[in-house]
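Okay, structure first, notes after.
The values are calculated or read from the model by the stated rules, or taken from the named source; none is laboratory data. What you see is a predicted model, and the numbers here were worked out from it, not measured in a lab. Here Cβ is always computed from backbone atoms with ideal geometry, including for glycine, and neighbour counts include all displayed protein chains.
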Amino acid sequence: MVDNTPPVVDELKAEIVSAQKTATLRFVARDATSSIDRAQYSVDGGDWVIVMPKNGISDAPEERYEFSISLPGSTARGEHTVAVRAYDRFENVGSAKTTIRVP
């Protein structure tokens with residue numbers, strides 16, 4: 001099998017919990033040909049962090065993700081860019097990003 005098409009990262013949403021300086025993010029990764037292998041996120045261009053799908057295992061052509069991130073200390077206020085990317089089992093990668101605003 002040959003798969004050169006990247007997964008689609010869709011429905012990326014962030015919900016701010018400003019009292020706790022955290023954000024909950026949700027997204028869906030879909031691939032038309034193969035299963036999703038893994039997903040990662042990065043905040044403000046920082047290190048990429050692995051995130052697990054809601055069902056705990058990456059083994060399907062569609063995976064749903066939901067996770068929380070902390071926005072520590074004084075850096076929590078203002079705008080933050082969160083990028084997510086998903087890989088299929090052939091190492092094709094799809095990505096998306098959103099900007100969150102913390103009051």
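Points worth noting:
- Considering residues of the stretch 49-94 that are among the hydroxyl-bearing types (Ser, Thr, Tyr) and buried (at least 19 other Cβ atoms within 10 Å of the Cβ) only, the residue modelled with the lowest pLDDT: 58
- Residues that are more than 18 Å from residue 99 (Cα to Cα) and touching a residue at least 24 places away in the same chain (Cβ under 8 Å) within the stretch 34-50 comprise 34, 35, 36, 37, 38, 39, listed in sequence order.
- Residues being farther than 19 Å from residue 21 by Cα and either in a strand (DSSP E or B) or of a type in the set (Ser, Thr, Tyr) (or both) - total across the stretch 87-103: 7
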